Amino acid sequence: MLVMRTLCLILQLVAAIAAAVVAVSFRLQELLSPNGTDLDRLVGIAFVIIAGLCAGGVLLWRNGTITNRARAGLSALLVALTVLSGFMPGVVEQQRRAAAEVVRQVDDQRREQAFARELREWTDQVDGNVATLRPLTTEQAWAFIDFVSRAGRYDDGTPPPSERALALLRKALIAGRIDVNAPVQGRRPSDTAPRPLFLQFYKERVEPVRRAIALPAQDWAIMQLLATSGASLSRSDAAPLATDLTRTVVPGAGRFVGLR
């Protein structure tokens with residue numbers, strides 16, 4: 001009995017050390033995780049469970065009412081549970097990430113469906129205005145250009161929505177359904193007076209990031225379309241834009257470019 005008890009207690013101690021090493025290794029691997037507080041809590045819970053199981057293993061062999069065979073079986077169970085406790089933080093975190101990924105995919109799908117509906121609505125709007133020779137109002141044109149800018153986030157498929165939105169803008173501009181020189185009042189504190197639509201777009205979407213490789217390629221494509229559709233580039237406040245139109249486009253990461 002003494003040999004069995006010693007062996008079981010040694011196994012329990014080894015299992016506790018192994019479990020602690022596994023838990024600590026997991027936390028070190030996730031040292032830069034943004035969920036650091038939650039991971040610390042999980043590792044702390046794992047250590048509490050490990051300590052509790054070890055205490056249970058010691059008390060088990062002090063209980064004289066249980067047979068040696070039963071104690072050996074329970075001790076083996078406690079050893080197994082102790083080892084598994086070390087993996088608990090990793091398993092819980094993996095399940096949390098899987099659940100978060102499912103939520104993210106559902107949200108992405110909803111956004112894509114909403115965008116597809118918006119694309120259909122703008123297609124009908126522009127096609128209708130082209131067919132009836134009616135121009136888009138300034139408010140409609142500004143909202144439409146904002147939509148085309150947001151379409152730059154969707155570049156999957158053949159043709160991708162980003163290209164389809166640009167083609168729709170090009171169609172409206174060629175048909176003369178958008179007045180790029182119509183005055184638009186920006187919403188930023190620095191927008192103290194209305195500017196022509198093309199210039200307001202430049203001031204808001206292009207000028208702040210044009211020299212860094214952080215300019216969305218979609219926005220620069222929009223800017224080029226607006227500038228070549230009758231924009232009053234001879235204005236003094238349009239001089240920076242006129243200069244940028246002569247610069248070289250420098251590809252950046254993903255959907256971004258810069259101007260040099």
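All conditions in (1) surrounded by 17 or more Cβ atoms within 10 Å (Cβ to Cβ); (2) not in a loop (DSSP other than H, G, I, E, B) hold for residue 178, with the sole exception of (2). Can residue 196 be described as farther than 22 Å from residue 163 by Cα, of a type outside the set (A, V, I, L, M, F, W, C), modelled with pLDDT of 95 or more and out of contact with any Pro (no Cβ under 6 Å at 6 or more places or on another chain)? Considered against the rule, which asks whether it is farther than 22 Å from residue 163 by Cα, of a type outside the set (A, V, I, L, M, F, W, C), modelled with pLDDT of 95 or more and out of contact with any Pro (no Cβ under 6 Å at 6 or more places or on another chain), residue 196 comes out as yes.
Could you tell me whether any residue of segment 187-201 is assigned to a helix (DSSP H, G or I) and within 20 Å of residue 153 (Cβ to Cβ)? Yes, that holds for at least one residue. Taken over segment 112-122, the criterion of being under 13 Å from residue 165 (Cβ atoms) and either loosely packed, with under 15 Cβ neighbours inside 10 Å or acidic (Asp, Glu) (or both) is satisfied by 116, 118, 120, 121. Residue count for segment 234-260, restricted to those that are under 31 Å from the mean Cα position of the chain (by Cα), assigned to a loop (DSSP other than H, G, I, E, B) and surrounded by 14 or more Cβ atoms within 10 Å (Cβ to Cβ): 2.
A quick yes/no check of all residues on (1) touching an Asp or Glu at 6+ places or on another chain (Cβ under 6 Å); (2) surrounded by 12 or more Cβ atoms within 10 Å (Cβ to Cβ); (3) outside any helix (DSSP H, G or I):
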residue	(1), (2), (3)
66	no, yes, yes
78	no, yes, no
92	no, yes, no
95	no, no, no
99	no, no, no
102	no, no, no
109	no, no, no
131	no, no, no
144	no, yes, no
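Of the candidates 231, 217, the single residue that is surrounded by 14 or more Cβ atoms within 10 Å (Cβ to Cβ) and within 16 Å of residue 173 (Cβ to Cβ) is 231.
Answer yes if at least one residue in segment 13-33 is part of a helix (DSSP H, G or I), in contact with a Cys (Cβ under 6 Å, 6 or more places away or on another chain) and not charged (D, E, K, R), and no otherwise. Within segment 13-33 (the criterion being part of a helix (DSSP H, G or I), in contact with a Cys (Cβ under 6 Å, 6 or more places away or on another chain) and not charged (D, E, K, R)), the answer is yes, since at least one residue qualifies. Residues in segment 1-32 that are over 23 Å from residue 62 (Cβ atoms) and exposed (fewer than 14 other Cβ atoms within 10 Å of the Cβ): 21, 25, 28, 29, 31, 32.
Selection over segment 210-233 of residues that are part of a loop (DSSP other than H, G, I, E, B) and in contact (Cβ under 8 Å) with a residue 40 or more places away in the chain gives a count of 9. Residues that are in contact (Cβ under 8 Å) with a residue 12 or more places away in the chain, part of a loop (DSSP other than H, G, I, E, B) and not acidic (Asp, Glu) within segment 146-158 comprise just one, 154.
Candidates are the residues of segment 212-233 that are over 25 Å from the mean Cα position of the chain (by Cα) and not hydroxyl-bearing (Ser, Thr, Tyr); the one that is nearest to residue 176 (Cα to Cα) is 230.
None of 167, 172 is buried (at least 18 other Cβ atoms within 10 Å of the Cβ) and at pLDDT 95 or above except 172.
Given the condition among the aliphatic types (A, V, I, L, M) and either touching a His at 6+ places or on another chain (Cβ under 7 Å) or touching a residue at least 60 places away in the same chain (Cβ under 8 Å) (or both), answer yes or no: does some residue in segment 33-45 qualify? No: zero hits. Just one residue in the set 74, 53, 60, 42 is among the aliphatic types (A, V, I, L, M), closer than 14 Å to residue 93 by Cβ and either surrounded by 14 or more Cβ atoms within 10 Å (Cβ to Cβ) or not assigned by TED's automatic domain parsing to the domain that holds residue 88 (or both); that residue is 42.
The values are calculated or read from the model by the stated rules, or taken from the named source; none is laboratory data. Keep in mind that what you see is a predicted model, and the values were worked out from it rather than measured. So basically every Cβ, Gly included, is an ideal-geometry build from the backbone, and we count neighbours across all protein chains shown.
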